[in-house]
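Chemist: Take this structure first; my questions come after.
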Amino acid sequence: MKTEHLNVLILGAGISGIGAACHLRRKCPSKTFAILERRDAIGGTWDLFRYPGIRSDSDMYTFGFNFRPWTEPKILADGPSIKKYVRETAEEYGVDKHIRFGIKVTAASWSSSNNQWTVTARRESEGKETGEELLFTCDFLLGCTGYYNYDEGYRPAFPDEKNFGGDIIHPQHWPEDLDYRGKKVVVIGSGATAITLVPSMAGKAAHVTMLQRSPTYIMSLPAIDPVSSRLQKLLPSMVVYRMSRARNIGLQRFMYQASRSRPKAVKRLLLRMVRKQVGRHADMRHFTPAYNPWDERLCVVPNGDLFKAIRSGKASVVTDHIEAFTSKGIKLKSGEELEADIIVTATGLNIRLLGGIHMEVDGRTIAPHDCLTYKGVLVENVPNAAIVIGYTNASWTLKADIASEYVCRLLKYMDKNGYTRVVPIDRHNSRTQDTVLGGLNSGYIRRAINELPKQGRSRPWKIVQDYVKDVPILRYAPIEDDALVFTTTPGSNKDKRRGRIRHGLKTAFNKA
């Protein structure tokens with residue numbers, strides 16, 4: 001079997017993988033690389049999800065790449081527009097020619113004797129394995145697969161589901177031919193997917209009911225930024241983009257910090273805004289969460305579309321628990337029965353880091369949940385490997401961009417100094433039980449507590465979820481520190497740390 005060798009191998013051609021590849025082209029043009037993508041198209045999340053109204057839940061001035069402006073007027077863009085933006089970015093930087101589609105990575109193994117990764121994969125066609133096995137080797141492995149399971153979303157079993165006579169749909173597997181015109185629809189859930197589906201379906205369906213166990217904080221944003229739209233007529237697009245981006249980063253951070261420091265005041269503000277949208281006669285228990293703002297992710301709606309659908313009578317919200325499914329719909333614990341022709345289970349995601357691939361270092365299995373992450377990028381005791389995980393309290397791409405920039409800085413530094421291997425080591429036993437997605441109490445994070453890498457008590461092992469604090473650490477701070485152990489190429493004159501390296505590597509691999 002032929003094996004292809006590359007300097008850098010990127011897993012995933014979604015927004016993180018395309019961004020990482022573009023940063024490589026910009027900062028490390030001499031590096032050879034390839035992107036392995038299981039699907040048959042660029043886009044990741046934005047190619048997978050096809051449900052009505054799919055859109056970003058972050059503004060596009062911060063969700064877009066820091067090196068390529070978002071120029072469309074929409075603040076919260078729809079899925080096809082985001083996919084187009086990612087695809088055009090890949091084409092502009094020529095990274096689309098480096099994507100290998102239809103390849104499912106199954107394992108990655110590091111060999112210290114060869115000083116490289118061997119990646120095993122299988123070719124897929126229309127989601128099914130063809131049986132053809134592929135091998136790649138690389139000097140550095142970069143995981144950009146996101147953090148959820150592409151094969152199946154979270155889908156709890158409901159009592160007596162088999163009794164229901166209509167369709168039960170999960171948004172992650174939306175049928176292209178689903179016709180909901182004139183039908184009664186119940187959407188189970190209260191998160192970003194549910195609040196997107198309800199107003200999007202309400203125009204065609206007879207009625208849409210959002211059935212929730214508990215409410216979520218919802219804030220309305222304008223669909224179009226009037227200030228940026230005016231400035232785009234006067235200034236270069238990148239200038240306007242950077243101005244809008246800086247403003248929105250500041251607003252995001254202010255809102256989050258205010259929610260943590262003065263939760264009661266922020267709660268009053270958010271509920272006052274909702275009351276203004278739904279009207280003074282609305283039952284606010286459907287919009288008043290039991291937790292504080294930003295204990296779970298804050299949901300946003302463009303131009304209050306969810307509230308407009310509710311005011312029009314085309315949609316409604318019910319807060320209750322499910323007793324059982326019936327032939328006609330859902331019986332609630334209150335005794336009420338919701339009639340439905342279609343039930344949509346917008347019940348969330350399942351976590352799966354690195355696409356679920358099996359990882360080994362010199363024959364030892366590496367379990368992500370047993371590791372810390374160094375600066376939220378490198379993996380403890382794992383040589384020449386990084387993962388890109390975005391923010392939970394701000395736009396994903398803010399962290400993805402600076403994480404990829406850091407990897408480029410690291411690669412250039414290693415080349416300059418003749419280093420061929422880098423391993424992060426926690427020398428102070430700083431591990432906690434908090435995960436890298438800590439800070440939120442969302443269901444999908446609670447369910448994955450035994451799957452995700454852990455945090456340390458302090459930097460560089462602690463994840464602060466703060467772009468302003470991460471920028472100097474990832475973009476400007478010196479590369480070398482006490483947590484990183486570098487191996488020097490034999491014969492190099494940069495061999496100043498050889499004794500410490502031997503000791504550090506021995507410690508790392510004994511712990512692995």
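The values are calculated or read from the model by the stated rules, or taken from the named source; none is laboratory data. Note that this is a predicted model, so its numbers are computed, not measured. Don't worry about glycine lacking a Cβ; one is built from the backbone with ideal geometry, like all the others, and counts go over all protein chains shown. Accessible surface is based on the protein model in full, side chains and every heavy atom, while ligands, DNA and RNA are left aside. Shrake-Rupley method; radii C 1.70, N 1.55, O 1.52, S 1.80 Å.
Chemist: Please indicate, with yes or no, whether at least one residue in region 76-86 is open to solvent by less than 40 Å² (accessible area, probe 1.4 Å), part of a loop (DSSP other than H, G, I, E, B) and closer than 17 Å to Ile224 by Cα.
Modeler: Within region 76-86, one or more residues are open to solvent by less than 40 Å² (accessible area, probe 1.4 Å), part of a loop (DSSP other than H, G, I, E, B) and closer than 17 Å to Ile224 by Cα.
Chemist: Here is a follow-up. Tell me the residue from Leu235, Leu231 that is over 28 Å from the mean Cα position of the chain (by Cα) and either within 22 Å of Lys331 (Cα to Cα) or open to solvent by 60 Å² or more (accessible area, probe 1.4 Å) (or both), please.
Modeler: Values: Leu231 fails: either within 22 Å of Lys331 (Cα to Cα) or open to solvent by 60 Å² or more (accessible area, probe 1.4 Å) (or both).
None of the others qualify; the one that does is Leu235.
Chemist: Do the conditions hold for Asn381, that is, is it over 17 Å from Leu271 (Cα atoms), touching a helix residue (DSSP H, G or I) at 6+ places or on another chain (Cβ under 9 Å) and not hydroxyl-bearing (Ser, Thr, Tyr)? Talk me through it step by step, then tell me what you get.
Modeler: Numbers: over 17 Å from Leu271 (Cα atoms): yes; touching a helix residue (DSSP H, G or I) at 6+ places or on another chain (Cβ under 9 Å): yes; not hydroxyl-bearing (Ser, Thr, Tyr): yes.
Answer is yes for this residue.
Chemist: Let me ask something else about it. May I ask you to verify whether Asn381 is without any contact (Cβ under 8 Å) to a residue 12 or more places away in the chain, over 22 Å from the mean Cα position of the chain (by Cα) and outside any helix (DSSP H, G or I)? Write out each step before concluding.
Modeler: Values: without any contact (Cβ under 8 Å) to a residue 12 or more places away in the chain: no; over 22 Å from the mean Cα position of the chain (by Cα): yes; outside any helix (DSSP H, G or I): yes.
Spelling it out, it is not the case that Asn381 is without any contact (Cβ under 8 Å) to a residue 12 or more places away in the chain, over 22 Å from the mean Cα position of the chain (by Cα) and outside any helix (DSSP H, G or I).
Chemist: Kindly list, by first and then second residue, each pair from a residue in region 424-435 that is basic (Lys, Arg) to a residue that is assigned to a strand (DSSP E or B), limited to pairs with Cβ atoms under 7 Å and residues at least 6 apart or on different chains.
Modeler: The qualifying pairs are Arg431/Leu372; Arg431/Lys454; Arg431/Gly456.
Chemist: For region 119-141, does any single residue satisfy the condition of being within 20 Å of the chain's Cα centre (by Cα), under 22 Å from Ala386 (Cα atoms) and either buried (at least 16 other Cβ atoms within 10 Å of the Cβ) or in contact (Cβ under 8 Å) with a residue 40 or more places away in the chain (or both)? Let's see the steps before the verdict.
Modeler: Quick first cut of region 119-141, residues within 20 Å of the chain's Cα centre (by Cα) only: 141.
Right, trim to under 22 Å from Ala386 (Cα atoms) and you get 141.
Adding the requirement that they be either buried (at least 16 other Cβ atoms within 10 Å of the Cβ) or in contact (Cβ under 8 Å) with a residue 40 or more places away in the chain (or both) leaves 141.
Yes, because at least one residue in region 119-141 is within 20 Å of the chain's Cα centre (by Cα), under 22 Å from Ala386 (Cα atoms) and either buried (at least 16 other Cβ atoms within 10 Å of the Cβ) or in contact (Cβ under 8 Å) with a residue 40 or more places away in the chain (or both).
Chemist: Related question: Please go through region 34-54 and give me each residue that is open to solvent by 30 Å² or more (accessible area, probe 1.4 Å), over 18 Å from the mean Cα position of the chain (by Cα) and farther than 26 Å from Ser244 by Cβ, ordered by number.
Modeler: Taking region 34-54 and keeping what is open to solvent by 30 Å² or more (accessible area, probe 1.4 Å), we get 38-40, 45-46, 50, 53.
From the residues that got through so far, the ones that are over 18 Å from the mean Cα position of the chain (by Cα) too are 40, 53.
Residue satisfying the conditions is Asp40 alone.
For (1) buried (at least 19 other Cβ atoms within 10 Å of the Cβ); (2) within 30 Å of Met201 (Cα to Cα), each residue gets a yes or a no:
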{"position": "Leu11", "(1), (2)": "yes, no"}
{"position": "Arg25", "(1), (2)": "no, no"}
{"position": "Pro29", "(1), (2)": "no, no"}
{"position": "Phe63", "(1), (2)": "yes, yes"}
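Chemist: Right, another one. Could you list, in sequence order, all residues of region 282-312 that are in a helix (DSSP H, G or I), within 25 Å of Ala77 (Cα to Cα) and open to solvent by less than 50 Å² (accessible area, probe 1.4 Å)?
Modeler: Quick first cut of region 282-312, residues in a helix (DSSP H, G or I) only: 284-287, 305-312.
Among the residues that remain, those that are also within 25 Å of Ala77 (Cα to Cα) are: 287, 305-312.
Residues satisfying the conditions are Phe287, Asp305, Leu306, Phe307, Ala309, Ile310.
Chemist: Could you tell me which residue of region 350-372 is surrounded by the most Cβ atoms within 10 Å (Cβ to Cβ), considering only residues that are outside any strand (DSSP E or B) and more than 18 Å from the chain's Cα centre (by Cα)? Steps first, please.
Modeler: Of the residues in region 350-372, the ones outside any strand (DSSP E or B) are 350, 352-357, 362-363, 367-371.
Of the ones still in play, those that are also more than 18 Å from the chain's Cα centre (by Cα) are 362-363, 367, 370-371.
Details: Asp362: 12, Gly363: 9, Ala367: 12, Asp370: 14, Cys371: 24.
Checking each candidate, the answer is Cys371.
Chemist: Out of the residues in region 176-209 meeting the condition of being in a strand (DSSP E or B) and open to solvent by less than 10 Å² (accessible area, probe 1.4 Å), tell me which one is nearest to Lys308 (Cα to Cα). Quick ask: steps written out before the conclusion?
Modeler: Step one: filter region 176-209 for residues in a strand (DSSP E or B), giving 184-188, 207-209.
Subset that is open to solvent by less than 10 Å² (accessible area, probe 1.4 Å): 185-187, 208.
Working: Val185: 17, Val186: 18, Val187: 17, Val208: 13 Å.
My answer is Val208.
Chemist: Taking only pairs six or more apart or across chains, which ones have beta-carbon atoms under 8 Å, a first residue in region 263-291 that is within 20 Å of Gly189 (Cα to Cα), and a second residue that is crowded, with 16+ Cβ neighbours inside 10 Å and among the acidic types (Asp, Glu)?
Modeler: Listed pairs, sorted by first residue: Pro289/Glu296.
Chemist: Could you check how many residues of region 387-440 are aliphatic (A, V, I, L, M), under 18 Å from Trp461 (Cα atoms) and outside any loop (DSSP other than H, G, I, E, B)?
Modeler: Residues flagged as aliphatic (A, V, I, L, M), under 18 Å from Trp461 (Cα atoms) and outside any loop (DSSP other than H, G, I, E, B) within region 387-440 amount to 8.
Chemist: Also: Those residues that are open to solvent by less than 50 Å² (accessible area, probe 1.4 Å), of a type outside the set (Ser, Thr, Tyr) and either at pLDDT 95 or above or not in a loop (DSSP other than H, G, I, E, B) (or both), I need them from region 336-348; list them, please.
Modeler: Going through region 336-348, the residues open to solvent by less than 50 Å² (accessible area, probe 1.4 Å) turn out to be 338, 340, 342-348.
Within this subset, residues satisfying the condition of being of a type outside the set (Ser, Thr, Tyr) are 338, 340, 342-344, 346, 348.
Leu338, Ala340, Ile342, Ile343, Val344, Ala346, listed by residue number.
Chemist: Another question, then. Can you tell me which residue within region 55-75, out of those that are assigned to a loop (DSSP other than H, G, I, E, B), under 21 Å from the mean Cα position of the chain (by Cα) and not hydrophobic (A, V, I, L, M, F, W, C), is modelled with the lowest pLDDT?
Modeler: Narrowing region 55-75 to residues assigned to a loop (DSSP other than H, G, I, E, B): 56-59, 64-73, 75.
Restricting the remaining residues to those that are under 21 Å from the mean Cα position of the chain (by Cα) gives 56-59, 64-70, 75.
Still in the list and also not hydrophobic (A, V, I, L, M, F, W, C): 56-59, 64, 66, 68-69.
Working: Ser56: 93, Asp57: 88, Ser58: 92, Asp59: 94, Gly64: 97, Asn66: 96, Arg68: 97, Pro69: 96.
This residue is Asp57.
Chemist: Follow-up. Looking for whichever is surrounded by fewer than 17 Cβ atoms within 10 Å (Cβ to Cβ), more than 14 Å from Trp396 (Cβ to Cβ) and among the polar types (S, T, N, Q) here; the options are Thr89, Thr71. Which one fits?
Modeler: Values: Thr89 fails: surrounded by fewer than 17 Cβ atoms within 10 Å (Cβ to Cβ).
On inspection, the qualifying residue turns out to be Thr71.
Chemist: With the structure loaded, tell me whether Ser259 is of a type in the set (Ser, Thr, Tyr) and open to solvent by 30 Å² or more (accessible area, probe 1.4 Å) or whether it fails that test. Quick ask: steps written out before the conclusion?
Modeler: Working: of a type in the set (Ser, Thr, Tyr): yes; open to solvent by 30 Å² or more (accessible area, probe 1.4 Å): no.
Criteria not met by Ser259.
Chemist: I need every pair where a residue in region 315-329 that is closer than 27 Å to Ala282 by Cα and assigned to a strand (DSSP E or B) has its Cβ under 6 Å from the Cβ of a residue that is among the aromatic types (Phe, Trp, Tyr) and open to solvent by less than 40 Å² (accessible area, probe 1.4 Å), sequence separation at least 6 or different chains.
Modeler: Ile322/Phe158
Chemist: Within region 441-467, how many residues are modelled with pLDDT of 85 or more and either over 13 Å from Gly376 (Cβ atoms) or assigned to a strand (DSSP E or B) (or both)?
Modeler: First, pick out the residues of region 441-467 that are modelled with pLDDT of 85 or more: 453-467.
After this cut, where a residue has to be either over 13 Å from Gly376 (Cβ atoms) or assigned to a strand (DSSP E or B) (or both) as well, the list is 454-458.
Total meeting the criteria: 5.
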